[in-house]
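*Asks:* My structure is below; once you've seen it, I'll send some questions.
Only the coordinates and a few stated rules stand behind these numbers; no lab work does. Note that this is a predicted model, so its numbers are computed, not measured. Heads up, the Cβs are rebuilt from the backbone with ideal geometry, glycines too, and the neighbour counts pull from every protein chain shown.
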Amino acid sequence: MLTFDENPLTSNSNKHDFTDTYFKKNFFFTQQLVNTTQQDQNHQILPEQSMEDQGKITLCLDLDETLISSTMTRQCDYDFSFKLQPTAEGEKSEEYFVKKRPNVGSFLRRCSEMFEVVIFTASLKPYADKILDELDPRGDLISHRLYRESCSYFCGSFVKDLSLLNRDLNTVLLIDDLPSSFQFHPENGLQIPRFDYHLKKKQNQNLLDNCLVGVLKILETIFIQHEVISIIAQYN
Ligand SMILES: [Mg+2]
């Protein structure tokens, strides 16, 4: 077991505080999920692995604050922005400003060479797809996209239930900034520091972020040894 100081992936920011407008707005949608997931525990949310991914470890990646940082507050420092059209009469369109985590492009490309890459996000599809289409414009890096409806809502958190993935759990890894996301399968989860670019900038904090470079070193070991759980145990 690595100590706190030795572990470059340890973060103090563990819990989403639900102050984000996007999460608030979709709270009632979340309530519906509780019933959906409880009724259908045997539902498998991924198809069988494609021929191309056959035998590969399944790497699930969170999106917000793991691969990107987004805000609805107008910014001048961002990589791309997009608008979501209103879903109900009387609502306004929403504009999001997105900063990519440093090295996310090369990170995703190398991950796609080694693993079956699944984006597993608690965000809604219209929002997530706008971002994922920017991160993977040719659609050749990410094998599957899972959204909020694939999460289980449990004790105030969106949990990503890895037992529903239709995969051998010995070959599944979830990387997420929130440990609550993998609380059903803590041995399969790797928590990484939260990437909240705009908040850090507002607070004049250090904006250097080499997290994905460090994570890739761990992933290279997992790939070479074709082993998830014993390697991840050194970092949790
Ligand atoms: Mg996140």
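*Asks:* Suppose each label sits 7 Å from its Cα in the direction of the beta carbon; what would the Asn103-Gln54 distance come out to in nanometres?
*Replies:* The answer from the label model is 3.3 nm.
*Asks:* Below 20 Å Cα-Cα, how many Lys pairs turn up in the range 44-147? Only count pairs eight or more apart in sequence, or on different chains, if you could.
*Replies:* Pairs that pass both the separation and distance tests number 11.
*Asks:* Here's a follow-up. What are the aspartates and glutamates whose alpha-carbon lies under 20 Å from the alpha-carbon of Lys201, with same-chain residues fewer than 8 places away excluded?
*Replies:* Lys201 reaches Asp17, Asp20, Asp64, Glu65, Asp77, Asp79, Glu95, Asp177, Asp209.
*Asks:* Now a separate question. What is the magnitude of the charge dipole of the range 144-210 about its Cα centre, with +1 placed on the Cβ of each Lys and Arg, -1 on the Cβ of each Asp and Glu, and no other charges, expressed in debye to the nearest 20? Don't skip to the answer; put the middle values down first.
*Replies:* Numbers: 8 positive and 8 negative charges, 68 e Å.
Computed about the Cα centre, the dipole is about 320 debye.
*Asks:* Then there is this: Using alpha carbons only, how many angstrom separate the centre of the range 160-236 from the centre of the range 107-146?
*Replies:* Going from one Cα centre to the other spans 15 Å.
*Asks:* Cα gyration tensor of the range 98-236, axes a ≥ b ≥ c as square roots of the eigenvalues: rounded (a/c below 1.5), prolate (a/b > b/c) or oblate? Walk me through the intermediate numbers first.
*Replies:* Numbers: a/c = 1.26, a/b = 1.16, b/c = 1.09.
Rounded, because the longest to shortest axis ratio a/c is under 1.5.
*Asks:* Something else: For the range 151-215, with equal point scatterers placed on the C-alpha atoms only and solvent neglected, what are the log10 I(q)/I(0) values from the Debye formula at q = 0.12, 0.19, 0.21, 0.27 1/Å, to two decimals?
*Replies:* Relative scattering, expressed as log10 I(q)/I(0), comes to -0.41, -0.80, -0.88, -1.11.
*Asks:* Full extension from Ile224 to Ser81: what is 0.36 nm times the residue separation minus their Cα-Cα distance, to one decimal in nm? Let's see the in-between values first.
*Replies:* Numbers: separation 143, 0.36 × 143 = 51.48 nm, distance 3.73 nm.
In short, 47.7 nm is gained.
*Asks:* Once a ≥ b ≥ c are taken as the square roots of the eigenvalues of the Cα gyration tensor of the range 38-165, is the result rounded (a/c under 1.5), prolate (a/b larger than b/c) or oblate (a/b not larger than b/c)?
*Replies:* oblate
*Asks:* Would you mind putting 199-212, 155-168, 218-231, 52-65 in packing order, based on average other-beta-carbon counts within 10 Å, highest first? Don't jump to the answer; show the numbers that get you there.
*Replies:* Numbers: 199-212: 12.6, 155-168: 17.4, 218-231: 15.1, 52-65: 19.9.
So the order, starting with the most tightly packed, is 52-65, 155-168, 218-231, 199-212.
*Asks:* Mind checking the full-extension length gain between Gln234 and Leu169? Use 0.36 nm per residue of separation minus the Cα-Cα distance, one decimal, nm.
*Replies:* Details: separation 65, 0.36 × 65 = 23.40 nm, distance 1.79 nm.
Stretched out fully, the Gln234 to Leu169 stretch lengthens by 21.6 nm.
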